[in-house]
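> If you scroll down you'll find the structure; I have some questions about it.
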Amino acid sequence: MIELRNVRKRFGRQVVLDGVDFVVQEGETVALLGPSGTGKSVLLKHIIGLLKPDSGDVLVDGLSVPSLQRQELADLRKKIGYAFQTGALFDSSSVFENIHLGIADDTKYRDAAFSRERVAECLRLVNLPEDVARLMPIQLSGGMRKRVGIARAIAGRPKYLLYDEPTSGLDPVNADVMDGLIENLQKELHATSVVVSHDVRGSFRVADRIALLHQGRIRAVGTPEEFMAAKDEVVREFLERDFQVAEMER
Ligand SMILES: Nc1ncnc2c1ncn2[C@@H]1O[C@H](COP(=O)(O)OP(=O)(O)O)[C@@H](O)[C@H]1O
Ligand SMILES: [Mg+2]
């Protein structure tokens, strides 16, 4: 389970998180929506302890993340797959090496046959051909880098998966593949996941529940059906704007 309790975070005078309460139950996938710049990535970074709250608490797997010691945090992170917004690949390492780093179990990591097979499997899961493993990140398109980043995040079969904008910048076909992948991983790994997105439609497909981050707080949370039926004017405005944009792109 992931739980943020009254989390506040500011950078200088800019308040980004202003009392966030957010719960993801075991095995659940929650889509975290919100316009650009509202603090979605900042929220995700609190879950893996890359950022510390000014106040409030972040609980993952029963542990209070902000108070963990270095080694405890490293152990917790082995259970968490984090797909960064930009892919965040190591440019001087091959695709194989980048994905291999995601295998968190030391014994499996050193098992060459297992590693080869697992890297190939993860590439297949993100709809990339196996021979991409030999390439360097600089030889990949933005969308491919992103998918390699996701392959790395899932390589260790983590209990928790955090996806930061997994479909942004992908063409519609690969965005669909990605949504399908998130759905399948959810079934296969029973992972507890947060999918950060500004793509309402994709989120409705993959998420058990939807949460909207607005002015530093979770403004609304509910099933896709509840979300669509919400009367809250902020939710309505967000949905309408998104559907207008989708119309324009068509
Ligand atoms: N490390 C940081 N230092 C200062 N400001 C930051 C930092 N990280 C994020 N911010 C600011 O916090 C706000 C929210 O950012 P972010 O979480 O990236 O938004 P998004 O919802 O688009 O993911 C932005 O105004 C951003 O500039
Ligand atoms: Mg972001």
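> Using Cα pairs closer than 8 Å and at least 6 residues apart in sequence, work out the relative contact order for region 157-250, in percent.
Taking the mean separation of contacting Cα pairs over the length of region 157-250, I get 22 percent.
> While we're looking at this one, here's another question. Could you work out which residue, out of Val206, Val60, Val194, moves most in a Gaussian network model of the chain, that is, has the largest mean-square fluctuation with Cα springs under 10 Å?
Val60
> Once the other residues with Cβ under 13 Å from the Cβ of Ser115 are scored (Lys, Arg +1; Asp, Glu -1), what is the net sum?
Once positives and negatives cancel, what remains is -1.
> On to the next question. In whole Hz, with x marking every Gly and Pro, tabulate ³J(HN,Hα) for region 101-117 from phi via Karplus 6.51 cos²θ - 1.76 cosθ + 1.60, θ = phi - 60°.
Rounded to whole hertz, the list is 4, x, 7, 7, 7, 4, 5, 5, 4, 7, 7, 4, 5, 4, 4, 4, 5.
> Something else now. Lysines near Lys79 by alpha-carbon distance under 24 Å, same-chain residues fewer than 8 away left out - which ones?
Partners found: Lys40, Lys45, Lys52, Lys108, Lys146, Lys159, Lys187.
> Starting from the amide H of Lys79, placed 1.01 Å from N in the peptide plane, find each other amide H under 5 Å away whose residue is 5 or more places distant or on another chain.
none
> As a footprinting exposure proxy, order Met228, Met178 by other Cβ within 10 Å, with the fewest listed first.
Met228, Met178
> Let me check against my output: what whole-number percent is the relative contact order of the chain, with C-alpha pairs under 8 Å and at least 6 apart?
It rounds to 26 percent for the chain.
> Enter the angle in degrees (range 0 to 90, nearest 10) between the Cα long axis of helix 233-249 and the first principal axis of the Cα atoms of the chain, meaning the one along which they spread out most.
Once rounded, the angle reads 50 degrees.
> What does the charge count near Leu44 come to, summing +1 for each Lys or Arg and -1 for each Asp or Glu among other residues with Cβ under 11 Å from its Cβ?
0
Read-outs throughout are calculated quantities, based only on the coordinates presented, and are distinct from any laboratory measurement. Just so we're clear, the structure is a prediction, and the values are computed from it rather than from any experiment. Note: ideal-geometry Cβ built from the backbone for every residue, glycine included; neighbour counts use all protein chains shown.
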